[in-house]
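The values are calculated or read from the model by the stated rules, or taken from the named source; none is laboratory data. Every value quoted in this text rests on a predicted model; they were computed, and no experiment measured them. We place every Cβ from the backbone using ideal geometry, glycine too, and count neighbours over all the protein chains shown. The protein model used for the area step is the full one, side chains on, heavy atoms only, and it has no ligands, DNA or RNA in it. Shrake-Rupley method; radii C 1.70, N 1.55, O 1.52, S 1.80 Å.
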Amino acid sequence: MGGNTLRGFDQRRAGPFQFGKPTGGEARILSSLEYGFPLFSTRQQGQLREPEVLRGHLFVDYGMLGLGIDDLGSPRLSYGIGVRVLVPVLEAPLEFDVA
């Protein structure tokens, strides 16, 4: 857990460790709550709706990881803010988060 599954933690750094190395696990609980809002939109010629070029969001991520369902480790929580920028050439948003 960590990285893109639990923002605010480095990749594989939110779960259990043994001898300074991440051990991983077989069971995990992950949850995320996110609230998004438009920051800037623009209407392009010939279109009826305004695509959101810049969108902000607030989030809370929660997770637990363990060797089994009865052995889940300590809960991890992170929260933060982020911005999504729509790039028409890529047809996908770029996302920047601070947790």
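Out of SER74, SER78, report the one residue that is closer than 30 Å to GLN18 by Cβ and outside any loop (DSSP other than H, G, I, E, B).
Among SER74, SER78, only SER78 is closer than 30 Å to GLN18 by Cβ and outside any loop (DSSP other than H, G, I, E, B).
Scan the range 52-65 and tell me whether some residue there is small (Gly, Ala, Ser), in a strand (DSSP E or B) and more than 23 Å from GLY15 (Cβ to Cβ).
yes
Would you mind finding the one in SER41, SER31 that is exposed (fewer than 13 other Cβ atoms within 10 Å of the Cβ) and small (Gly, Ala, Ser)?
Matching residue, one of SER41, SER31: SER31.
Would a scan of the range 39-60 turn up a residue that is farther than 30 Å from GLU91 by Cα and in contact (Cβ under 8 Å) with a residue 12 or more places away in the chain?
no
Looking at the range 65-84, which of the residues that are more than 15 Å from the chain's Cα centre (by Cα) and aliphatic (A, V, I, L, M) is least open to solvent (accessible area, probe 1.4 Å)?
LEU65
Inside the range 18-28, can you point out the residues that are in a strand (DSSP E or B), without any contact (Cβ under 8 Å) to a residue 12 or more places away in the chain and open to solvent by 90 Å² or more (accessible area, probe 1.4 Å)?
GLN18, LYS21 - these are the residues of the range 18-28 that are in a strand (DSSP E or B), without any contact (Cβ under 8 Å) to a residue 12 or more places away in the chain and open to solvent by 90 Å² or more (accessible area, probe 1.4 Å).
Could you identify the single residue in LEU77, LEU54, LEU58, LEU33 that is modelled with pLDDT of 85 or more and touching a Lys or Arg at 6+ places or on another chain (Cβ under 8 Å)?
Exactly one of LEU77, LEU54, LEU58, LEU33 is modelled with pLDDT of 85 or more and touching a Lys or Arg at 6+ places or on another chain (Cβ under 8 Å), namely LEU54.
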